[in-house]
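The values are calculated or read from the model by the stated rules, or taken from the named source; none is laboratory data. Worth saying up front: this structure is predicted, and the values here are computed from it rather than measured. Every residue, glycine as well, gets a Cβ built from its backbone with ideal geometry; the counts of neighbours run over all protein chains shown. Note: accessible area is taken over every heavy atom of the protein model, side chains too, but ligands, DNA and RNA are not part of it. Shrake-Rupley method; radii C 1.70, N 1.55, O 1.52, S 1.80 Å.
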Amino acid sequence: MMNMTEKMLEQIRDLFEKKNIKLFIGFEKGFEKFSRIPAFAENYDEAKSMIIDEFETPLLAKYLIRELGEVGAGAVEKSERVGILTRGCDYLSIRRLVVDNIILRENLVIIGIPCNGLIDPKKANKLLGEEAQEITVDEKIVLAKGEIKSREINKEEILLDRCKKCIMSKVEESDILLEENMDDMEVSKDYSAVEEIEKLTTEERYEFWRRQFDRCIRCFACRDACTACNCRKCIFDITEPEMLEKTVATSEQFMFHFIRAFHVAGRCTACGECEKVCPVDIPLGLLNGKFKKDIELLFDVDEAGIPAEIEPLGEFKLDDPVEW
Amino acid sequence: MDKLLRSNVSRLLKKLSEHAEIYAPTMEDGVCVLSKLVNNYDDWTLDYVRTTNSVKDIFFPQNEEIMRYKNANNDLNIEPPKPFKERVAFGVRPCDAAAMLLLDNVFLEGEFYDSYYKERREKGALITIACEKPDQYCFCTSFHSSPGATEGSDIVLYPADDYFLVVAVTDKGKKLIKANAEIFENATEKSGIVENYKSMKTPIGNNCSPGELNEKLKNEFDNPYWKKIARRCLGCGNCTFVCPTCHCFAVCDVARGCDGKRTRTWDSCKFQDFFLMAGDHNPRPTQVERTRQRFMHKLNYFKEKYDKYQCVGCGRCVEKCPVGVHIADVITHMKEEL
């Protein structure tokens, strides 16, 4: 039986042979043993190093903006298509770009793979107490071997943080599905962390966020990794007039983080990438989560942020119950 | 040789705080940052491989006020910044201390020097702690350093059981120990411990030592490899801001009416507006040029100018890069290819 990587490669070869795509975006091994990094192939030979496994990967959807060009700003010809390896989180991000009219769906060939959570090798190292040399995954049990020790770990324990909050484990609209989607993964809506913050007094809450934001080094990784952050020109990159001082004062930190959170409110697909890429571990998911929770409550929707033609904050109603 | 009991560290920091600002690794919401201790001299931790921010922050802060100005009724009044306080950084890693020497090259060498940086450096002392457990991102040994190296430090502490062996590296370090002699104790142990730290290997080892790579890179401005890695780069400034040797900055005025302040802030070659010029011309229009700039600066230009590579192998950029752009990867690849 072919494994998933082989199945993918077969499909990629087919796509290139039939000249269906000009580029395929997937993953390959990085410098470190368990790092999996984005890979770009313009022909089948370049794609041969690509791999599918269960280690932590970044999201790929954001690259589509650069690779395809935005709709209305020199987007590629309809015949030029890009293939992309897609898990549920990436699928939502791609939907986000399509719904926001940044890219066109017909320019994509989506190769979907089922996913029941990725492994964070750092967590495995921590539990093992040394750097793992070998990590093998067998359904729900992970065997991590180091030079000295080896240990069986529950996959749950070393799941990537963002996978624990996953709201979409399958790819609904794939052009090619490598393996059948799994049965619906149990999606538990857990706002307990947000509720903890809500319980604080205004002063305590301010103090909490001040501490978090003051750590921010303004690298903009949260913005650059986010697919909902798809403005052609980001307000924070505008130098004249300068919307955000380069000074890293508390007031400016609040300004940056609030504007960022407000700007993706209702469009955040809860992929958790912003939180993951933050070098100083600011819990941005709490801010995004608060917006998500409020929107779900106020607008009576099941899951805020799922890209759709009509979205709670993207729709105008003449008979809106609340005055402007 | 002296030794310092671990249980005496807080006492030492408290004593030093009488004359100086104290910076030490502290845990903040699960993140280890090098931060200023104020009345909490027990809050330091040893539970880190590297602090998230480097020691660069203390001598070349992310933003600093260069001056304040006021122009009321055409009467211009300029206020320089207040003199800096003495400062002691405790718990620095050897790689970070070595990085300070590279920043010294930039800010202190030559005809002009940077007065703000100079004052901070003169008033600063580095107490380094040798690394007990380098992790998979560490590659200081590729840059002629080691987990026990002393370059750039004033004092190096070598962890042993419940104490540190103390090695004073500079006169400043010796004076500091002398002035606080009652906190240190005589150590009778042989210095085998120190040698062990100095010969310790890092996981990446010295496989990615650049050697003479700078010479070879001179002709590689148009190497397609830059395009390959830049394609992955998201364009955030993460790698440059956590780097202990990156030193590009911007100067900007923040003014309200006639009152204002001039500040210096870090800037990053990874940002799209970093090289943006008047008239909207950008000589580094895409991530390809920007990515190339970062690596060429570290592995070629800096070496040409100061005869050192501008990397100490601290591993921050490679740990923090969200998409696995890895300087050791670049070095290894280029060495193989060229």
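Modelling each spin label as a point 7 Å along the Cα-to-Cβ direction, I'd like the residue A:301/residue B:338 distance in nm, to one decimal.
A separation of 5.1 nm, rounded to one decimal place.
Which net charge results when you count Lys and Arg as +1 and Asp and Glu as -1 among the other residues whose beta-carbon is under 14 Å from that of residue B:181?
My count for the surroundings of residue B:181 gives +3.
In a GNM of chain A with a 10 Å cut-off on Cα contacts, which of A:288, A:43, A:116 has the highest mean-square fluctuation?
Judging by the Gaussian network model, the answer is A:43.
Which one, B:99, B:54, B:10, is farthest towards the positive end of the dipole of segment B:1-134 when Lys and Arg carry +1 and Asp and Glu -1 on their Cβ?
So the residue we want is B:10.
Hey, if we sort B:29, A:190, A:237 by accessible area with the 1.4 Å probe, largest down, what's the order?
Highest to lowest solvent-accessible surface, that is A:190, B:29, A:237.
Pick from B:206, B:105, B:74: which residue has the top mean-square fluctuation in a GNM of chain B where Cα pairs under 10 Å get a spring?
B:74
Counting just the Cα atoms, what span does segment A:1-52 cover along each of its three principal axes? Round to the nearest Å and put the largest first.
Projected onto its principal axes, the Cα set of segment A:1-52 covers 35, 27, 13 Å.
Identify the chymotrypsin sites (Phe, Trp or Tyr not before Pro) of segment A:259-318 meeting these criteria: DSSP loop state and at most 12 other C-beta atoms within 10 Å of the C-beta. Could you put the intermediate results ahead of the total?
Numbers: sites: A:262, A:291, A:299, A:316; in loops: A:316.
In loop regions of segment A:259-318 (DSSP not H, G, I, E or B), the sparsely surrounded chymotrypsin sites (Phe, Trp or Tyr not before Pro) are A:316.
Equivalent ellipsoid semi-axes for the protein assembly as shown, as square roots of 5 times the alpha carbon gyration tensor eigenvalues: give them largest first, rounded to whole Å.
The answer is 42, 31, 27 Å, longest axis first.
Name the residue farthest towards the positive end of the dipole of the protein assembly as shown from the options A:277, A:194, A:141, assuming +1 on Cβ of Lys and Arg, -1 on Cβ of Asp and Glu, about the Cα centre.
A:277
Going by a ≥ b ≥ c, the root eigenvalues of the Cα gyration tensor, does segment B:182-233 fall in the rounded group (a/c under 1.5), the prolate group (a/b larger than b/c) or the oblate group? Walk me through the numbers on the way to the answer.
On the way: a/c = 3.85, a/b = 3.18, b/c = 1.21.
The shape class here is prolate.
For n ≥ 4 DSSP H runs only, could you compute -39500 (n - 2.57) per run for chain B, divide by its residues and tell me the 222 nm figure to the nearest 500?
That comes out to -8000 deg cm²/dmol.
Note down the magnitude of the dipole of segment B:1-57 about its Cα centre, charges +1 on Lys and Arg C-beta and -1 on Asp and Glu C-beta and zero elsewhere, to the nearest 20 debye.
The dipole magnitude comes to about 260 debye.
Placing one identical point scatterer on every Cα of segment B:283-338 and ignoring solvent, what is log10 I(q)/I(0) from the Debye formula at q = 0.16, 0.21, 0.24, 0.29 Å⁻¹?
-0.55, -0.93, -1.14, -1.26
Suppose every Lys and Arg Cβ carries +1 and every Asp and Glu Cβ carries -1, with no other charges. What dipole size does chain B come out with about its Cα centre, to the nearest 20 debye?
In total the dipole reaches around 360 debye.
Under a point spin-label approximation (7 Å from Cα along Cα-to-Cβ), what is the residue B:74-residue B:258 distance to one decimal in nm?
Distance between label points: 1.1 nm.
Using a Gaussian network model of chain A with C-alpha springs under 10 Å, which one of A:195, A:42, A:139 is most mobile by mean-square fluctuation?
A:139
Treating the beta-carbon of each Lys and Arg as +1 and of each Asp and Glu as -1, no other charges, what is the dipole magnitude of the protein assembly as shown about its Cα centre, to the nearest 20 debye?
The dipole magnitude comes to about 2000 debye.
If you average 1/r over all unlike Cα pairs in chain A and invert the result, what Kirkwood radius do you get in angstrom? Show your work: numbers first, answer last.
Values: mean 1/r = 0.0466 Å⁻¹.
The answer is 21.4 Å.
What is the P(r) of segment B:1-92, as percent of Cα-Cα pairs per 5 Å bin from 0?
In whole percents, the pair-distance histogram is 3, 12, 19, 18, 16, 10, 7, 6, 5, 3, 1, 1, 0.
Calculate the length of the line joining the C-alpha centroid of segment B:290-309 to that of segment B:44-103, in whole Å.
The distance from the Cα centre of segment B:290-309 to that of segment B:44-103 comes to 24 Å.
Restricting to chain B, what percent of DSSP beta bridges are antiparallel, rounded to 5?
Numbers: 39 of 51 bridges.
Around 75 percent antiparallel, to the nearest 5.
In whole angstrom, how long is each semi-axis of the equivalent ellipsoid of segment A:192-314, when you take the square root of 5 times every eigenvalue of its Cα gyration tensor and sort them from largest down?
23, 20, 13
Given R₀ = 35 Å, FRET efficiency for residue A:42-residue A:315 by Cβ-Cβ distance, to 0.05?
Step by step, r from the Cβ atoms, then E = 0.30.
Within the set of other residues whose C-beta is less than 10 Å from the C-beta of residue B:68, count the net charge using Lys and Arg as +1 and Asp and Glu as -1. Provide the component values of the computation, followed by the final result.
Working: positive: B:70, B:261, B:262; negative: B:65, B:79, B:259.
Result for the neighbourhood of residue B:68: 0.
Work through the residues other than residue A:321 whose Cβ is under 14 Å from its Cβ and net out their charges, Lys, Arg +1 and Asp, Glu -1.
Summing Lys/Arg as +1 and Asp/Glu as -1 gives -4.
Per DSSP H run of n ≥ 4, the term is -39500 (n - 2.57); total these for chain A, divide by its residue number, and report the mean residue ellipticity at 222 nm rounded to 500 deg cm²/dmol.
-9500 deg cm²/dmol
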